[in-house]
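Chemist: Have a look at this one.
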Amino acid sequence: MSVILETKKLVKTYKSDEVQVEVLKGVDLIINKGDFLSIRGSSGVGKSTLLNILGALDKADSGEVCIEGKTLNSYFNEDGLHLYRREKVGFIFQNHYLMSDFTVLENVMMPLLLNSVDRKTAKNKALEVLDNVGLKERAKHYPSQISGGESQRAAVARAIVHEPPIVLADEPTGNLDTKNSENFVDIFARLQKERDLTVLVVTHDMNLADKADKRFKLYDGLLFTV
Amino acid sequence: MKETRNIFKKIRLSLLPFFIAFRYIKGRGGKLLSVNTRLSFIGVFTGTSLLVVVISVFGGFQEQFKKSLFEFDPHLIIKNETGDRKIKNWRPLVEKTKSALKEKASSVEGMIQSPAIVRKQSIIDYVFIRAQQFKDLGDNRLGIPENFPEIVQPKKLESLPNEDVCVVGKEMAFLLDLKIGDTIELVVPRGQFTLKTGVPPNMRPYTIVGFFKTGYYDHDSRLVIIPLESAQRLFGISDAVQQIIVRLHDMNDLYFARSQISKIYRFLYSIRTIEDEHRNFFAALNIEKTVQVTIVFMFIIAAMVGIVVATYNVVRSKKRDIGILKSLGISRNAILMIFTLNGFLTGIFATIMGIMFGIFLSDNLEAILLFFESLINKIGLYYVTDIATGDAYWENIRLIPKNVYYFDHLPIHYDIDFLQAAGFVSILLSGIAAFIPAWSASRMRPIDIIRGSDT
């Protein structure tokens, strides 16, 4: 089984005035192709920070992140970092973060357009993924015209449409009610299996965390297998 | 094949900022323009429309003044600065001047111009006599020269009798209560100054055969035009003139023409241009031009502040989108392009529309002012009318008082080059104005936006 992502001794400290909080104290993690991992932990323990570092939205103080054998540091110049985000990861945030001026379809097409896929192919591919998440009929709606659960499903479609090596999900059910949350978990787990997605999800939702093949807990800046 | 595919990929990627910028400009759904775009559009549109109106009206007044002067006044005046200041051998000099200037001169002729006293019964005033050559039509008739000002009364005056006749300004006729056919007496100095007698005056009656209008108040209120031969009799100078005057086809040739003829008229003569003769007037026009350019810049800068504010608004309202797009892997340059395009395209659209509307407004400005004039007068009259007696005293307000501006209509002139330059500067500054907030947008860190710490 090939390694998609690997972290070595990741350290991250937040400094504000005279207070220093070391949230990650040397996190080691290996994610293989097709893995479905979940990380739980109490609020403020550094789960989102870890995810942001893996998604190149934030930078670790020390340690190394390798994706498909290439270190993240090699992308760390202005020409390369956006390419890493564009090609290597798909993000799902707690808030759906769909762009309000674009239709659901256009939102889902966006990662493909950023990867220079022509509009026709991008449209067909986006419609196919929207069909997978049960939103084909809502393709021409604007985010304000669909429900929270539907928006989060659209966000999933956007994260996977360009088939990134890894999908990072930060509390994807955090803003959903129980029914929508269950529905989302079912769809998400099904897609992971069907498309053999490599997924790392950070969540408080036991239902979602339990669907993962490998479950971790972040405690005192370190990862522990549950 | 692979290289072609890569080129297509690059083209597709470079078009994405246009797609996003257009959407931000348009707004979502069936809207024509988004709220922020509407705000910056209104700023630039209003700025450029008013700019066109101001430039056109300023330009109109200047052109009207210049036209009044240039069409009638000599462009170059050659004077004898020695002796009795007369030019006796003027006919060969006129021919020499014509051949020196060739096709650049529209006319070269001898002229007498002098201050005089006009008397009509008990009314006495000072005037300027301008004596110029009229065409001899034979049968004791003189034809009107080509450069003669517009004759407003009688409507058709194609020739005049070769006698002591004069054409006077329309305003002078009004001020001195002159009518066609009236006789006025012109009093001028004649002969040499002596200690015993001073300068003896000469007086001659002239019959008014017409009224002219140049549009230049000083001329229309003070100038009396008489035939050259008659003036020579009045001043007691046989075939001599006081000046040789040149009119040019193109005023841009003024200084070239002066240098050309200075080779003919050495030492004894002075050559003055129309600008020398009306130094104050041209200085005033230059000041007006400076004020005009300053106003133009103020308008453009005000509109640009509008663009900066509106683009900052767009950036602020789209901050979340910037975070999302960056997390999806859009580059800094693409973000910079999206928001610069946002202001730039709005600037182009608003400038073009603004110039078009400004031209429409200028074309109809007089009608608009007349509408407001009648509206103000109606409202004023209504409010001053005594309901019980029906008595009212209301002096009508005139927004363009004709006695002050001395024009029949509001003069409008479009300086196309100036409008093009102003439009170009406006569009260029729109881009620069949009670039500043766009630059700040491109430097935003997605993590700050997503965490919400930068909101």
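Chemist: Tell me which of B:Asn333, B:Val199, B:Ile25 sits at the most positive position along the dipole axis of the protein assembly as shown, charges placed on C-beta atoms (Lys, Arg +1; Asp, Glu -1).
Modeler: B:Asn333
Chemist: Let me ask another. As I understand it, the value is the acute angle between the Cα axis of helix B:2-26 and the longest principal axis of the Cα atoms of chain B; what does it come to in degrees, rounded to 10?
Modeler: Helix B:2-26 sits at roughly 70 degrees to that axis.
Chemist: Also: Sort B:Thr97, B:Thr197, B:Thr46 by accessible area with a 1.4 Å probe, largest first.
Modeler: B:Thr197, B:Thr46, B:Thr97
Chemist: Mean-square fluctuation check for chain A, GNM, Cα pairs under 10 Å: which of A:Arg86, A:Arg195, A:Arg153 is largest?
Modeler: Of A:Arg86, A:Arg195, A:Arg153, the Gaussian network model singles out A:Arg195 as fluctuating most.
Chemist: Once you keep just the Cα pairs under 8 angstrom separated by 6 or more residues, what percentage relative contact order results for chain A?
Modeler: The normalised contact order for chain A reaches 30 percent.
Chemist: Using heavy-atom solvent-accessible surface (probe 1.4 Å) with all chains present, what is the largest-first order of B:Ile78, B:Ile11?
Modeler: B:Ile11, B:Ile78
Chemist: Next up: Using the Cα gyration tensor of segment B:74-277, with a ≥ b ≥ c the square roots of its eigenvalues, what is the shape: rounded (a/c below 1.5), prolate (a/b larger than b/c) or oblate (neither)?
Modeler: Here segment B:74-277 falls in the oblate category.
Chemist: OK, next. Explain nothing, just the number: relative contact order of chain B, from Cα pairs under 8 Å at least 6 residues apart, as a whole percent.
Modeler: Across chain B, relative contact order equals 26 percent.
Chemist: Using alpha carbons only, how many degrees (0 to 90, rounded to 10) separate the axis of helix B:416-442 from the longest principal axis of chain B?
Modeler: That helix lies at roughly 20 degrees to the long axis.
Chemist: Then there's this: For the protein assembly as shown, what does the helix formula give at 222 nm: sum of -39500 (n - 2.57) over DSSP H segments with n ≥ 4, over the residue count, nearest 500 deg cm²/dmol?
Modeler: Helix contribution divided over all residues of the protein assembly as shown: -15500 deg cm²/dmol.
Chemist: Of the listed peptides B:157-168, A:15-26, what is their order by residue-averaged count of other C-beta atoms within 10 Å, with the highest listed first?
Modeler: Descending mean neighbour count gives B:157-168, A:15-26.
Chemist: Moving to a separate point now. Can you give the average number of partner chain beta-carbon atoms within 10 Å of each beta-carbon in peptide A:10-17, as a whole number?
Modeler: Rounded to a whole number, the mean comes out at 0.
Chemist: DSSP loop (so not H, G, I, E, B), at most 16 other Cβ within 10 Å: list which chymotrypsin sites (Phe, Trp or Tyr not before Pro) in segment B:173-276 pass both filters.
Modeler: Listed in order of number, the matching sites are B:Phe193, B:Phe267.
Chemist: Here's something else I'd like to know. If you roll a 1.4 angstrom probe over the protein chains with everything in place, what fraction of the accessible area of segment A:12-143 belongs to carbon and sulfur, to the nearest %?
Modeler: C and S fraction of accessible area: 42 percent.
Chemist: Mind checking which of A:Leu72, A:Leu81, A:Leu127 has the largest fluctuation in a GNM of chain A, springs on alpha carbons under 10 Å?
Modeler: A:Leu81
Chemist: Heavy-atom accessible area per residue, chain B, 1.4 Å probe: how many Å²?
Modeler: With the other protein chains kept in place, chain B gives 53 Å² per residue.
Chemist: Work out the mean other chain Cβ neighbour count within 10 Å for the residues of B:326-339 and drop it here as an integer.
Modeler: 5
Chemist: Next question, about the same structure. Which residues, if any, in segment A:116-165 lose at least 50 square angstrom of accessible heavy-atom surface (probe 1.4 Å) when the other protein chains sit next to their chain rather than the chain being alone?
Modeler: For segment A:116-165, once contacts with the other chains are taken into account, A:Ser116, A:Tyr142 lose 50 Å² or more.
Chemist: Ok, one more. Using a probe radius of 1.4 Å on protein heavy atoms only, what is the accessible area buried between chains B and A, both sides summed, to the nearest 100 Å²?
Modeler: Buried: approximately 2900 Å² between A and B.
Chemist: When you count, for each residue, the other Cβ atoms within 10 Å and take the mean per peptide, how do A:212-225, B:324-337, B:341-354 rank with the highest first?
Modeler: Averaged packing, sorted descending, gives the order B:341-354, B:324-337, A:212-225.
Chemist: Another question about this same structure. On a C-alpha basis, how far is the centre of segment B:1-65 from the centre of segment B:84-163 in Å? Whole number, if you could?
Modeler: 57
Chemist: Taking a probe of 1.4 Å, how large is the accessible area per residue of chain A, in Å²? Working shown, then result.
Modeler: Numbers: 9680 Å² over 226 residues.
Accessible area per residue: 43 Å².
Chemist: From other protein chains only, count the Cβ atoms within 10 Å of every residue's Cβ in B:19-28, then give the mean. If you can, show how the numbers build up before the last one.
Modeler: Values: counts 5, 6, 0, 0, 5, 2, 0, 1, 1, 9.
Taking the mean over all residues of the peptide, I get 3.
Chemist: List the residues of segment B:2-18 that lose 50 Å² or more of accessible area once all protein chains are present, compared with their chain alone (1.4 Å probe, heavy atoms only, no ligands or nucleic acids).
Modeler: By number: B:Arg12, B:Leu13, B:Leu16.
Chemist: Of the trypsin sites (Lys or Arg not before Pro) in segment B:223-265, which ones lie in a loop per DSSP and count no more than 10 other C-beta atoms within 10 Å? List each step's numbers first, then the result.
Modeler: Numbers: sites: B:Arg233, B:Arg247, B:Arg258, B:Lys263; in loops: B:Lys263.
Sites meeting the loop and neighbour criteria: B:Lys263.
Chemist: Ignoring ligands and nucleic acids, what accessible area does A:His204 show with a 1.4 Å probe (Å², nearest 10)?
Modeler: 90
Chemist: Also, quick follow-up: Tell me which trypsin sites (Lys or Arg not before Pro) from segment B:149-230 have a DSSP coil assignment and no more than 10 other beta carbons within 10 Å of their own.
Modeler: B:Lys155, B:Lys156, B:Lys179, B:Lys196
Chemist: What's the carbon and sulfur percent of segment B:69-212's accessible surface, probe 1.4 angstrom, rounded to a whole number?
Modeler: 53
Chemist: Right, something else. Quick one: angle between helix A:178-195 and the longest Cα principal axis of chain A, in degrees between 0 and 90, rounded to 10, please.
Modeler: Orientation of helix A:178-195: about 90 degrees from the principal axis.
The values are calculated or read from the model by the stated rules, or taken from the named source; none is laboratory data. Predicted, not measured: the structure shown is a model, and the values here were computed from it. Cβ: placed from backbone, ideal geometry, glycine included. Neighbour counts: every protein chain shown. When the accessible area is computed, the model is the full protein with side chains, heavy atoms only, and any ligands, DNA or RNA have been set aside. Shrake-Rupley method; radii C 1.70, N 1.55, O 1.52, S 1.80 Å.
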